[in-house]
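The values are calculated or read from the model by the stated rules, or taken from the named source; none is laboratory data. Small disclaimer: the values here were computed from a predicted structure and weren't measured. Backbone-built Cβ (ideal geometry, glycine too); neighbour counts: all protein chains shown. Quick note on the areas: whole protein, heavy atoms, side chains included, nothing else; ligands and nucleic acids left out. Shrake-Rupley method; radii C 1.70, N 1.55, O 1.52, S 1.80 Å.
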Amino acid sequence: RATLLLSRCLLKMVKGNIIVPEDILSFCCNGLQGSTSPPRAREPGEQEEAPGAMASPSPARNPTEVQMSQLVLPCHTNHRGELSTGQLLKWIDTAACLSAERHAGCPCVTASMDDIYFEHTISVGQVVNIKAKVNRAFNSSMEVGIQVSYEDLCSGKHCSICKAYATFVAQGPLGSKVRLEPLTPQTEEEKIEYSIAAERRRMRLVHKDTLKDLLTHSPRETELETRDGSGAVPAERTRVESVELVLPPHANHQGNTFGGQIMAWMENVATIAASRLCHAHPTLRAIEMFHFRGPSQVGDRLVLKAIVNNAFKNSMEVGVSAEAYGQEMSISRRHINSAFMTFVVLDQEGQPRTLPMVAPEPGDGERRYREASARKKIRLDRKYVVSCKQTEVPLSVPWDQSNKVYLSYNNVSALKMLVAKANWALAREKDKVRMYTLEEDKFLSFRIEISVGIPAGRAFSLLSNLRRRHEWDSHYVSAELVQKVDDDDMIYHVVSQKLRHENKPQDFVILASRRKPCSKGDPYVVAFRSVTLPTHPARAEFTRGETLCSGFCIWPESEEMSKVAYYNQAMPGYLNYVTTNVAGLSSDICSTFEACEKFLLKNKDSLISRLQDF
């Protein structure tokens, strides 16, 4: 250590043109190459230092993880000395792309970005810390999770800014798709993100259909406006059009424009459009999920257009589009991307100001106006259901057309999170049935496993039909199919036996969501959670019950053998067969699961049973 310190001093002296004695110079050079002097004798009682003792052990790092730290300089900020959101988007896209390319081993391009909610602004002089890593790889695309926080170097304060999920596509020569190697998660957090990534992918694929469905089923709801519209601003006044020339610094090593650069240009014109409505400096609060339709290259001209679609009481939605064309104007423009950004205007206390109304143009303007209202409802539902932690979502969320996709997502992802939890403790093993428990905070969770001689797909079909549950579960009296949402989601009204110390039976309104494996190694999933329906309010003859998170996971062990596991997360005292003996873990659960095994084996090959499932 002394040699190293002396060498550093020597380097500073040389840089400062200070003459260094030749004997010191010789000592330092020999020391750096490896000194041959005898080792120092240890003092009495002094222990020999083990090799590597100074290096503290650290957990294995995800090989796809990329960390980026950027000091916010004046050139990165707006007039208020706050980091430009466009600059932040460029950093986010760059870090995510580097992570994706670490896994793919080849160039990658941005395909889409999920909703981004910006919780705080970042000031000049602060440090932006970005961490990105691949959550899951599919065939040729992968999901990258990004966490952004800022650090105040003076106070040492750290604060979260946003969390984002981006989808990247690996590209081979001439833009061909590359088949990706599967990713193996290691930690509990990675296993949770890996499992839920399949649900987020499913949600992206139906994103457009959700908006169309809402507009079709409730067109009048999107036109409600109670404010005085006498001072409404014509939307046409907010229109912005700008052109950018794509230069080499804007592109990657393949010559394709960085997705983050396109997002930064889009944010710029959207801010101008928002400013024209409010005559103030707006703050970007959210960017809705968007997809890149195609690439643009160096030399392209990007035409960026923005207009305020609708202004609500304290926020406004700005629609932005990007189109590309080459040198020849005769060639039609290529649609690159469309996005919807939500802005607010803050007063001196940091509270959102009331905004003027927008008067849409007839035709397309009115369509955009109605769609903006629908998107606001969907966005709030999605943020409320998807972004909340499991403990923050009420047990029974009202179900409707606008949030059906997100309730289904929350239902399945909550079960997958429970499955990925570590620290399950084996509480009881009886014959082939194994029972595990998990206690955390105010929740008591249990898992029951059994191996059954039945194909996994057949077990999945039988267990996902709640109308047949009473055939093996004595706690169920009946289950009525109230609504078939789609092929994967159904709502049931369930009646169960009377609880102890109760003189009437319980009833539940349950959303059952089922999923087939997304890729090899994934289980079949059947998830249950409580919802509320206006057609099925609580009734006097029942005690209305609620289920937080429960369901089945079924793993194929062979063509004719499956591992069936049932999970339930609940408050202690929630279920009758848990309260029977929470400390001793009543045998009632095991006997119920044994009855489930007999039910599966009995209906393994039954044609009548197969017809009942439909």
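Quick notes
- Residues being open to solvent by less than 20 Å² (accessible area, probe 1.4 Å) and in contact with a Lys or Arg (Cβ under 6 Å, 6 or more places away or on another chain) - total across the range 294-318: 2
Residue by residue, here is whether (1) open to solvent by 70 Å² or more (accessible area, probe 1.4 Å); (2) acidic (D, E); (3) farther than 29 Å from A111 by Cα holds:
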{"residue": "A232", "(1), (2), (3)": "no, no, yes"}
{"residue": "V243", "(1), (2), (3)": "yes, no, no"}
{"residue": "L247", "(1), (2), (3)": "yes, no, no"}
{"residue": "A251", "(1), (2), (3)": "no, no, no"}
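- H79 meets the conditions (1) touching a Lys or Arg at 6+ places or on another chain (Cβ under 7 Å); (2) farther than 30 Å from N256 by Cα in every case but one. The failed one is (1).
- Breaking point among (1) open to solvent by 60 Å² or more (accessible area, probe 1.4 Å); (2) at pLDDT 90 or above, for K498: (2)
- All conditions in (1) of a type in the set (A, V, I, L, M); (2) in a strand (DSSP E or B); (3) at pLDDT below 95 hold for V386, with the sole exception of (2).
- Here D473, D507 are screened, and the one residue that is modelled with pLDDT under 95, buried (at least 16 other Cβ atoms within 10 Å of the Cβ), assigned to a loop (DSSP other than H, G, I, E, B) and out of contact with any His (no Cβ under 6 Å at 6 or more places or on another chain) is D473.
- Only one of the listed residues (A198, A170) is closer than 18 Å to A100 by Cβ, in contact (Cβ under 8 Å) with a residue 12 or more places away in the chain and part of a strand (DSSP E or B). That residue is A170.
- Selection status of G156, of a type outside the set (S, T, N, Q), farther than 22 Å from C518 by Cα and either touching a residue at least 24 places away in the same chain (Cβ under 8 Å) or surrounded by 14 or more Cβ atoms within 10 Å (Cβ to Cβ) (or both): no
- Taken over the range 324-364, residues that are of a type in the set (D, E, K, R) and in contact with a helix residue (DSSP H, G or I) (Cβ under 8 Å, 6 or more places away or on another chain) amount to 2.
- Selected residue (only one of C518, C549 is open to solvent by less than 10 Å² (accessible area, probe 1.4 Å) and in the same structural domain as K442 (by the TED database)): C549
- Condition broken by Q348, with the remaining ones in (1) of a type outside the set (S, T, Y); (2) farther than 19 Å from G551 by Cβ; (3) touching an Asp or Glu at 6+ places or on another chain (Cβ under 7 Å); (4) at pLDDT below 90 satisfied: (3)
- Residue check: I454 meets all listed conditions (1) assigned to a strand (DSSP E or B); (2) at pLDDT 90 or above; (3) hydrophobic (A, V, I, L, M, F, W, C); (4) more than 28 Å from the chain's Cα centre (by Cα) but one, namely (1).
- Candidate set from the range 476-500 (those that are assigned to a loop (DSSP other than H, G, I, E, B) and among the aliphatic types (A, V, I, L, M)); member that is farthest from the chain's Cα centre (by Cα): L499
Yes/no matrix, rows are residues, columns are (1) buried (at least 21 other Cβ atoms within 10 Å of the Cβ); (2) in contact with a helix residue (DSSP H, G or I) (Cβ under 9 Å, 6 or more places away or on another chain); (3) farther than 20 Å from Y194 by Cα:
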{"residue": "L73", "(1), (2), (3)": "no, no, yes"}
{"residue": "H79", "(1), (2), (3)": "no, no, yes"}
{"residue": "D93", "(1), (2), (3)": "yes, yes, yes"}
{"residue": "C97", "(1), (2), (3)": "yes, yes, no"}
{"residue": "F118", "(1), (2), (3)": "no, yes, yes"}
{"residue": "S123", "(1), (2), (3)": "no, no, yes"}
{"residue": "N139", "(1), (2), (3)": "no, no, no"}
